[in-house]
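The values are calculated or read from the model by the stated rules, or taken from the named source; none is laboratory data. As the structure is a computational prediction, the values presented were derived from the model and not from experiment. For neighbour counting, all protein chains shown are included, and Cβ atoms are generated from backbone atoms with ideal geometry for every residue, glycine included. Keep in mind that these areas ignore ligands, DNA and RNA; they rest on the heavy atoms of the full protein, side chains included. Shrake-Rupley method; radii C 1.70, N 1.55, O 1.52, S 1.80 Å.
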Amino acid sequence: MSSADFTYDHVGATRKPGFCPPGFHPLHVRTRLGEGEAVFRQGSEAVLTWELHRALGVGFDTSADRAAPGVDVTVTLAGVVRAPCRVVWTVEEYRRAGWAYGTLPGHPECGEESFVVDRTGDGTVWLTVSAFSRPARWYARAAGPAARGLQQAYARRCGTVLRRLATKGLKEF
């Protein structure tokens, strides 16, 4: 995929665990969703089909039914702040599923964010939200550390909402 439209270099770098380019702020939030194949399947589908993002209560606009490289997405916050992005990679494996998007011109931040559900060897299912970003608009720069705090809160909320979606209708044992 061409990186010409993206507002940052290192497109696709969230595939590399722990990587953060110089000058960017890292984000890594891991949330336990539950246990078992059913939780993994439901969580994966909720991430790949945008159900998670739509359930977060933010504006979410895309013409695609499912995450795929090259799909454009616009997240709108409070009906005012528009954040255009494009999916840069997806993964659908036996124990791992998710995707990442990168920022496009007009986004208040510059960088990339991934949402990955994985099932460990003991059957525990996790959501990991990883990102690297830096301010791109004046108001994001003015927000300083508060903007990073909001990103942390958003990532934690993703985990809380996905836990509910991934366990919906399942009996606890």
Of all residues in segment 86-123, which are of a type in the set (Ser, Thr, Tyr), open to solvent by 20 Å² or more (accessible area, probe 1.4 Å) and part of a strand (DSSP E or B)? Thr90
Check whether at least one residue in segment 29-52 is in contact with a strand residue (DSSP E or B) (Cβ under 6 Å, 6 or more places away or on another chain) and more than 17 Å from Ala166 (Cα to Cα), and report yes or no. yes
Output the residue which, of all residues in segment 36-61 that are polar (S, T, N, Q) and open to solvent by 20 Å² or more (accessible area, probe 1.4 Å), is nearest to the chain's Cα centre (by Cα). Thr49
If you go through segment 28-66 one residue at a time, how many are modelled with pLDDT under 95 and either of a type in the set (S, T, N, Q) or in contact with a His (Cβ under 9 Å, 6 or more places away or on another chain) (or both)? 3
Filtering segment 18-29 down to residues that are open to solvent by less than 80 Å² (accessible area, probe 1.4 Å) and either in contact with a Lys or Arg (Cβ under 8 Å, 6 or more places away or on another chain) or over 12 Å from Ser133 (Cβ atoms) (or both) yields Phe19, Gly23, Phe24, His25, Leu27, Val29
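Any chance segment 31-43 includes a residue that's part of a helix (DSSP H, G or I) and without any contact (Cβ under 8 Å) to a residue 60 or more places away in the chain? Talk me through it step by step, then tell me what you get.
Narrowing segment 31-43 to residues part of a helix (DSSP H, G or I): 37-43.
Checking which are without any contact (Cβ under 8 Å) to a residue 60 or more places away in the chain leaves us with 41.
So far as segment 31-43 goes, yes, one or more of its residues are part of a helix (DSSP H, G or I) and without any contact (Cβ under 8 Å) to a residue 60 or more places away in the chain.
Within segment 127-164, which residues are under 16 Å from Phe40 (Cα atoms) and surrounded by fewer than 18 Cβ atoms within 10 Å (Cβ to Cβ)?
Thr160, Arg164
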Cβ-Cβ distance below 6 Å, separation of 6 or more or different chains: which pairs start in segment 104-124 with a residue that is more than 22 Å from His10 (Cα to Cα) and end on one that is of a type in the set (S, T, N, Q) and surrounded by 23 or more Cβ atoms within 10 Å (Cβ to Cβ)? Val117/Ser44
Residue match in segment 4-17 (condition: part of a strand (DSSP E or B), in contact with a Lys or Arg (Cβ under 9 Å, 6 or more places away or on another chain) and surrounded by 13 or more Cβ atoms within 10 Å (Cβ to Cβ)): no
Do you know which residues across segment 47-77 are without any contact (Cβ under 8 Å) to a residue 60 or more places away in the chain, assigned to a loop (DSSP other than H, G, I, E, B) and closer than 18 Å to Ala155 by Cβ? Trp50, Gly57, Val58, Ala67
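Report whether or not Leu33 is over 28 Å from Arg137 (Cα atoms), open to solvent by less than 30 Å² (accessible area, probe 1.4 Å) and either of a type in the set (Phe, Trp, Tyr) or touching a helix residue (DSSP H, G or I) at 6+ places or on another chain (Cβ under 8 Å) (or both).
For Leu33, the condition - over 28 Å from Arg137 (Cα atoms), open to solvent by less than 30 Å² (accessible area, probe 1.4 Å) and either of a type in the set (Phe, Trp, Tyr) or touching a helix residue (DSSP H, G or I) at 6+ places or on another chain (Cβ under 8 Å) (or both) - is met.
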